1. Can you tell me which residue is farthest from Ala470 (Cα to Cα) among those in the range 278-288 that are open to solvent by less than 70 Å² (accessible area, probe 1.4 Å) and in contact with a helix residue (DSSP H, G or I) (Cβ under 8 Å, 6 or more places away or on another chain)?
2. Which one of these does Leu113 not meet: (1) under 24 Å from Pro280 (Cα atoms); (2) modelled with pLDDT under 90?
3. Taking the range 204-220, which residues are open to solvent by less than 10 Å² (accessible area, probe 1.4 Å) and either at pLDDT 80 or above or of a type outside the set (Gly, Ala, Ser) (or both)?
4. Which one of Thr34, Thr44, Thr87 is open to solvent by 10 Å² or more (accessible area, probe 1.4 Å), modelled with pLDDT of 65 or more and of a type in the set (S, T, N, Q)?
5. Return the residue satisfying two criteria in turn: it lies in the range 222-272 and is open to solvent by less than 30 Å² (accessible area, probe 1.4 Å) and in a loop (DSSP other than H, G, I, E, B), and of such residues it is nearest to Arg302 (Cα to Cα).
6. One residue is enough: does the range 63-75 have a residue meeting the conditions farther than 28 Å from Phe337 by Cβ and either of a type in the set (Phe, Trp, Tyr) or not in a helix (DSSP H, G or I) (or both)?
7. Select from the range 128-143 the residues that are open to solvent by less than 10 Å² (accessible area, probe 1.4 Å) and more than 17 Å from the chain's Cα centre (by Cα) and list them in ascending order.
8. Identify, from the list Val452, Val441, Val445, the residue that is under 25 Å from Ile320 (Cβ atoms), surrounded by fewer than 24 Cβ atoms within 10 Å (Cβ to Cβ) and among the β-branched types (Val, Ile, Thr).
Amino acid sequence: MTRQLAAAKTTVALAPRPAGPAAATPGAAPGTATRPVSAGAVPTPAASPRAASAGAAALSTAGLVTVLLGAFLPMLDFFIVNVALPTIDQDLAAGPAVLELVAAGYGIAFAVLLVLGGRLGDNFGRRRLFVVGAAAFALTSLACGLAPGAWSLVAARAAQGASAALLIPQVLGTITAATHGARRGRALSVYGAVGGISVVIGQVLGGMLVAADLFGTGWRSVFLLNVPFALLALVLAVRYVPESRAPKAARVDVPGTVLLTAALLSLLLPLMEGRAAGWPLWSWLLLGLFPVFAAAFAAVERRAERRGDTPLVPPSLLRIPEMRRGLGIAVPYFGGFGGFMFVVAVALQQGLHLGPVAAGWALVPMAVGYFAASLSGPRLIGRFGSRVLTAGAVVQAVGLTALALTVLADWAHFSPLRMAPGVALAGIGQGLIGTPLFRVVLSKVPAERAGVGSGVLATGQQASLALGVATLGTLYLALSPVLGMDRALALVLGVQLLGSFTVFYLTTRLPRSIG
């Protein structure tokens, strides 16, 4: 199941503030001053990271494209590897359990280190961490592409996930810290669109690369492809992305980091690996420890904030209504999305016996619908506010219903063409929810907490994707031998439909106006 798990699935200076020529820079020595920088200007190399973060440089279009490229690569890598797993198995004699770790190792390392990656960007500079993350992603991708054996590939994939955890929070943190108003809304909308499109692009591109067998590289090309693009993102970041960081550096919350990592591992590891291993005792023990670790983490974070320390996830951040309610929507939304991508991929390849390329192309209508909805999102949000998310939940529910009815009507003649209307509507609905959701969650996060806020959101996203695949995917695989693939698929779509109703209700609790 974890073979399909991933398929389920900022540092610019702060915005200009009014200041005279002698405006002091937070963190600078007494008596020093900074010179205002025009919007869109690129800081000179002589500018220190701390000075840049307090200056007036704004995120240019080239800078936005650069950080989005850095976001696209890690998200793409979740999906592109899935279609290559059978070939990896044949070449390296990996076996099912090791193949599970090839996919799961990336996702686990990615999820558990995201918040820490955001905190490091806040403290040491988001551009600096973006550059380090891009370099690490290039090196670990190269290590994956050159892995001589199955276990070395597992280790390289885990390291690749850790480097991805350095990149993603800096993207959202930069956008949040360096933009405001309509420009921030547009940037977050494009970020959401990039995340949705990477799902289909990853599956289609991965199948094409494996089938093409470029220069005899076979499955290795899906990893080697990352190297030049990660290096390009690194070079462009040095040129176009000004530095930003929190005004006051905070110590890393070691107890909070350890407990958060333990909580996420105790949840994600058994969900990703339990079924492949036959649900052994350790998987149930870990799941039983999850609430213990989660409660301990919450207590440690509350105590740290009361003492005046800076916790890894400040409880006061979760008291922001937009953040709290947006995260509540994210769980059923991303969980349903992750489960949908897994179940449909399995049904197409095992039920209809489509190849990986054909199965990927079957989801193109969803990508088109998602992208179209994402592009129209900023304009719709400006006019209708949070009602856009409510409408998206309705459209998604209609698409899921249409797809389920198509499955039940004539499974013998079910095809990508017949499923196109349902998946297109589902894609439109998902685009109307997912793209504004990033804007909702981060709209009221203070700029100095942009990195940690982005890390919390990204962690919630990845954990929800894993949860969706583990629950809906396990349900489908357990019921398909008993009910048949058609009825099992329809039942899972019905469960996801309940998730759409949950999203619909939660969106009605949001403030109508979105900042």
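The values are calculated or read from the model by the stated rules, or taken from the named source; none is laboratory data. The structure presented is a predicted model; accordingly, all values stated were derived computationally and were not measured. Methodologically, a virtual Cβ is constructed for each residue, glycine included, from the backbone with ideal geometry; neighbour enumeration extends over all protein chains shown. All accessible areas refer to the heavy atoms of the entire protein, side chains included, with ligands and DNA or RNA removed. Shrake-Rupley method; radii C 1.70, N 1.55, O 1.52, S 1.80 Å.
1. The qualifying residue farthest from Ala470 (Cα to Cα) is Leu286.
2. (1)
3. Trp219
4. On inspection, the qualifying residue turns out to be Thr87.
5. Asp253
6. No; the residues of the range 63-75 include none that is farther than 28 Å from Phe337 by Cβ and either of a type in the set (Phe, Trp, Tyr) or not in a helix (DSSP H, G or I) (or both).
7. Ala138, Ser141
8. Result: Val445 is the single residue among Val452, Val441, Val445 that is under 25 Å from Ile320 (Cβ atoms), surrounded by fewer than 24 Cβ atoms within 10 Å (Cβ to Cβ) and among the β-branched types (Val, Ile, Thr).
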